[in-house]
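Participant: A single structure is presented below for examination.
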Amino acid sequence: MASSVTFRFFRRRQTGPQLQANAPTGTDTGVINANAAGETRSFESVEAGHTLEPFRVADKTESDTACSADQEIDTSWSVAELTTLKDAADTHPAIAAALASLQTLRVFVTTDGVVYHVEDPSHVRTIEDLLSLVQQQLGRALAKPISLLQFSQLRSHAVKPRHASTSQNDLVEMVLFDAIEQQASDVYIAIHLDRTVIHFRTHGVRYLHSAISHADGKEMARSLWSLARDGHFEDNVPTDTAFDFANVRVRGNAMPDTRGNSIVLRLRDPTFMPPLKELGYDVRQQRALEELQFSAGGLAIVSGETNSGKSTTLTSLMAGMSDDDMIIELADPIEIEFPHVTHMALDHYAEDAEKLFRSTLGGLVRQNPDTLFIGEVRDQQTATAAIDMALQGKRVWGTVHSHSALTTISRLEHLGIPVHVLGQPGFLNGIVNQSLVPLVCAKCARDSVANDSSEGDVVATTRLQRKYHTDNLRFHNPDGCSACVRGISGQTVVAEVMQFPREPDHPAQQCIRNHDLAGLAVCMRELGMRSKADHAITKITEGLCDPLLTEAVIGRIGTRDALPHHLRVVN
Ligand SMILES: [Zn+2]
């Protein structure tokens, strides 16, 4: 093992643009430099007032902009130096007791009173309390914020090594534990030529977690892939991995990109199964969903973009069915297993995946299910299977990528379900189109715009209050509190649910057969369907959702007519 470990991390973004890394006054930031022998250690000093990286909604080029916007600092921390740090908890029972009660806090106290801690806005007070205890016990206390990586180094080298794991495994463990603690649904690891950048997505919001070296990123990828039973990370071909970590199911995909590798890990708690009524549908939508759930047969589609909660909705529907029916689920992968459902796994990486898929679909007829969950309708094959089963009077549920209920029809047509079939009475039962929008934390939400706004916070707030005709708007607080992650306490569904009449020659069916989506919109409104924007406006004016974050997910909401333009009626 090298005697000096060099790595990079991003300094947290400063509050003012004028602040520089070498500003002369202020508090330590925990930038630690040491030579290989560990003889010197100095802390660069910068001005106080650093804040958490403001979060942004996902952006394909974000990792690049995050890198250039943040200052990058070379740091090294020698193993020799690390091993000279003595743990105050070993000699001071009061400190040991305090640390034992703060298990979620990443902190290390040395015998000379240095409190190394990984910054966490929800623990500011705790650190202050700890400092006064250390001051009282050791006669000296000094807080030094460190990066997660530095903490990993500390733990694996200076603190009692708990097992023979390498620091890389420690790093993997720490990132995954952090992701679980921050309720992240996705972890993004972008390995570039000169660095590796790690982002998390929590409650739909993507934000920077940390940055490490290119080599450490590669090593981390290998460690991650080795956690799967037969996992092997490949540099230049797409690979998948799947393993369980601390009761969370992790599924990863790695793709080579022009500068390195792009890795996405999805974290799922297999016990997370909220009932339908807790997902956020309004009363009417929920009733429509229940009617679709127990319909006489036909196709029902849950559509939305990536991360719109489609599979959670299907899982909740599946959970609410009984074994009076024969239910089959086809999925790749199977996320949750139910005793009353027959689950058939499709493995799209299998060598003869195509053949296997075809024979599975062929076998469905003989299995004769009452209800079939077909997963994503992604190609002609699945579309054909969906048509066959629905025409036989089976209930078929599938998902489609689409941004509105109306465009779902065009998408189904594109996938090979002809409009004369879609418009046949009893074939298409319903379309649920949905998005997941962040819920503002009730404890720390603000009354005015929290984002930097080019038009000024007051002007922006007033404009939004006028637009939504209420003073009751709530905006997320990016600093967050102990009850939330960055001001967001969860996600809620905003949806539009189309339920098609089964009677022959209803105008809605004629509209589908005639490709008349505008006409269909009119029919649906007459039948009482609310648009997704309408649903979102209700949640915004009730103070449940931040208007800006909501618009970032579903697009700009019109001011006068709540309907998105494709649903608007021009008289
Ligand atoms: Zn909060």
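The values are calculated or read from the model by the stated rules, or taken from the named source; none is laboratory data. Please read all numbers here as calculations on a predicted model, not as lab measurements. Methodologically, a virtual Cβ is constructed for each residue, glycine included, from the backbone with ideal geometry; neighbour enumeration extends over all protein chains shown.
Participant: As an exercise: evaluate Val365 against (1) modelled with pLDDT under 90; (2) more than 17 Å from Phe427 (Cα to Cα); (3) of a type in the set (Val, Ile, Thr); (4) surrounded by 14 or more Cβ atoms within 10 Å (Cβ to Cβ) and give the number of the one condition it does not meet.
Facilitator: With respect to (1) modelled with pLDDT under 90; (2) more than 17 Å from Phe427 (Cα to Cα); (3) of a type in the set (Val, Ile, Thr); (4) surrounded by 14 or more Cβ atoms within 10 Å (Cβ to Cβ), Val365 is out only on (4).
Participant: Among residues belonging to segment 478-521 that are small (Gly, Ala, Ser) and more than 16 Å from the ligand (Cβ to nearest atom), point out the one that is farthest from His403 (Cα to Cα).
Facilitator: Residue satisfying both the conditions and the ranking: Ala508.
Participant: Residues to consider are Leu314, Leu299; find the one that is within 30 Å of Thr241 (Cβ to Cβ) and of a type outside the set (Asp, Glu).
Facilitator: Working: Leu299 fails: within 30 Å of Thr241 (Cβ to Cβ).
The conditions single out Leu314.
Participant: If you don't mind, another one. Taking into account only those residues within segment 328-345 that are assigned to a strand (DSSP E or B) and of a type in the set (Val, Ile, Thr), which is farthest from Val365 (Cα to Cα)?
Facilitator: Val341
Participant: A further question on this structure: Take Gly393 and tell me if it is assigned by TED's automatic domain parsing to the domain that holds Leu517, farther than 30 Å from Ala518 by Cβ and modelled with pLDDT of 90 or more.
Facilitator: In short, yes.
Participant: Out of curiosity, is Val497 outside any loop (DSSP other than H, G, I, E, B) and under 19 Å from the mean Cα position of the chain (by Cα)? Show your work before the answer.
Facilitator: Values: outside any loop (DSSP other than H, G, I, E, B): yes; under 19 Å from the mean Cα position of the chain (by Cα): no.
Here the answer is no, as Val497 does not meet what is asked.
Participant: Write out, first by first residue and then by second, each pair whose Cβ atoms fall under 6 Å of each other, whose residues are 6+ apart or on separate chains, and whose first residue, in segment 495-524, is more than 23 Å from Val283 (Cα to Cα) and modelled with pLDDT under 95 while the second is loosely packed, with under 14 Cβ neighbours inside 10 Å and of a type outside the set (Ser, Thr, Tyr).
Facilitator: Note: pairs meeting the criteria are Arg513/His420.
Participant: Give the residues of segment 373-393 that are over 30 Å from the mean Cα position of the chain (by Cα), assigned to a helix (DSSP H, G or I) and of a type outside the set (S, T, N, Q), sorted by residue number.
Facilitator: Result: Ala385, Ile387, Asp388, Met389, Ala390, Leu391.
Participant: For Gly217, are the conditions met, namely being part of a helix (DSSP H, G or I) and not acidic (Asp, Glu)?
Facilitator: When the stated conditions are applied, Gly217 passes them.
Participant: All but one of (1) without any contact (Cβ under 8 Å) to a residue 60 or more places away in the chain; (2) more than 21 Å from Asn307 (Cβ to Cβ); (3) within 16 Å of the ligand (Cβ to nearest atom) hold for Pro418; state the number of the condition that does not hold.
Facilitator: Every listed condition holds for Pro418 apart from (3).
Participant: A follow-up question, please. Looking for something within 16 Å of the ligand (Cβ to nearest atom), surrounded by 15 or more Cβ atoms within 10 Å (Cβ to Cβ), over 25 Å from Gln293 (Cβ atoms) and hydrophobic (A, V, I, L, M, F, W, C) - is there at least one such residue anywhere in segment 453-469?
Facilitator: no
Participant: Another question, if that's okay. Among the candidates Leu473, Leu439, single out the residue that is more than 16 Å from the ligand (Cβ to nearest atom), assigned by TED's automatic domain parsing to the domain that holds His515 and at negative phi.
Facilitator: Values: Leu439 fails: more than 16 Å from the ligand (Cβ to nearest atom).
Only one candidate qualifies: Leu473.
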